[in-house]
1. Quick one: which residues, 5 or more positions from A301 or on another chain, have an amide H under 5 Å from its amide H? H modelled 1.01 Å from N in the peptide plane, none for Pro or chain starts.
2. Mind listing the phi-derived Karplus ³J(HN,Hα) values for segment 261-269, rounded to whole Hz, using 6.51, -1.76 and 1.60 with θ = phi - 60°, and x for any glycine or proline?
3. May I ask for the net charge around V26, where only other residues with Cβ less than 12 Å from the Cβ of V26 are counted and Lys, Arg are +1 while Asp, Glu are -1?
4. Could you work out the helix-only [θ] at 222 nm for the chain, with each DSSP H run of four or more residues adding -39,500 (n - 2.57) and the total divided by the number of residues, to the nearest 500 deg cm²/dmol?
5. Can you give the convex hull volume per residue for the Cα atoms of segment 44-87, as a whole number of Å³?
6. For the chain, give me the percentage of DSSP beta bridges that are antiparallel, rounded to the nearest 5 percent.
7. Roughly what % antiparallel, to the nearest 5, for the DSSP beta bridges in segment 32-143?
8. What is the gain in length, in nm to one decimal, between D117 and H192 on full extension, counting 0.36 nm per residue of separation less the C-alpha to C-alpha distance?
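Bear in mind these aren't lab numbers, they're just calculated from the coordinates by the rules spelled out. Keep in mind that this is a model prediction, so the values were computed, not measured. With ideal geometry, Cβ positions are generated from the backbone for all residues, glycine too; neighbour counts draw on all protein chains shown.
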Amino acid sequence: MAGSDFSSSFDRVLALHGVGPLERGVPRTLQVNVGKLCNQACHHCHVDAGPKRTEVMTRETADAVIALLARSLSIDTLDITGGAPELNANFRMLVERGREMGRRVMVRCNLTVMLEDGMGWLADFYRRNRVELICSLPCYSADNVDLQRGKGVFAKSIAALRMLNDAGYGCGELQLALVYNPVSPMLAPAQHELEQRYREELSTQFGISFDRLLTINNMPIARFAHQLSRAGRHAEYMGLLVNHFNAATVPGLMCRTLVSVGWEGGLYDCDFNQMLSIPLRIEGRARTIFDLNDLGELAGARIETASHCFGCTAGAGSSCAGAIV
Ligand code: SF4
Ligand code: SF4
């Protein structure tokens, strides 16, 4: 398939395999992206996040998110992401209200934020609120991590992981998952085998333990897409994703049970659609948290797709929870 033909081909491939069109089931997870502010600026970032970004969720919007969550009884998980979500002024409120409502609260933490000035409270805050942590660590080697995420990031990540182990994370008490994504334009390897390798390396070299490894594919959008284009490898990577389409991943795609909210309150089918400004639509109209009474109303709604969706269905599949099959 030529590079220019990738757009809009995802739905045709779903139809060819008898697994389309994509429709949402009952929403179970509300993923809140509180904005693009981050203490890092990684090469593969699909959010284009960084220390100079000013797009952040306001208190008014964060309050509206919590009000919608309270009304949406099908949602059992609040998943908070960014940027570095901990840098948002409303972060603590979101976590605490979510827990008070009895919801499972997950935070996508980049680890290094724990070592930023004024962030020494984080490990204890996570522990007290029994937050489940999903932490980026794309390799157990310093060179690979620093190449992708910036000089010195690996050493800081290891220091943060030690703090989390000391707080009770990754030792069977509080959940600590690590996230691997490929450093080069290739698919993620088998999750279980890589998890074993991570376990051995992190334990023997650094005495660190964790609960699960999640492997994800790099999505061909934002900073990673620009990097591919600069290297003249965009069409090659898209070809890899398309050629490894796996119909068995489709029932487990995260967009079937997740709803994504942007920093301005817009609703999306997933964080990737959010970054591409592809809104969630009902009867042709883009929806926000301000005009929906209950996220359960989105059950059965058609999911917006485009060529980047091949990143979720390639190989063992890829989602916020790692490999799908
Ligand atoms: S990948 Fe994560 S840590 Fe890196 S810049 Fe993006 S949001 Fe920040
Ligand atoms: S990018 Fe993945 S999660 Fe998002 S709509 Fe496409 S298939 Fe679903």
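1. Excluding prolines and chain starts, which carry no amide H, the hits are R24.
2. Working through the residues one at a time gives 10, x, 4, 9, x, x, 9, 9, 6 Hz.
3. Every neighbour counted, the sum reads -1.
4. Computed ellipticity for the chain at 222 nm equals -9000 deg cm²/dmol.
5. Roughly 95 Å³ of hull volume per residue.
6. Within the chain, antiparallel bridges account for around 25 percent of the total.
7. Roughly 10 percent of the DSSP beta bridges within segment 32-143 come out antiparallel.
8. 23.4 nm
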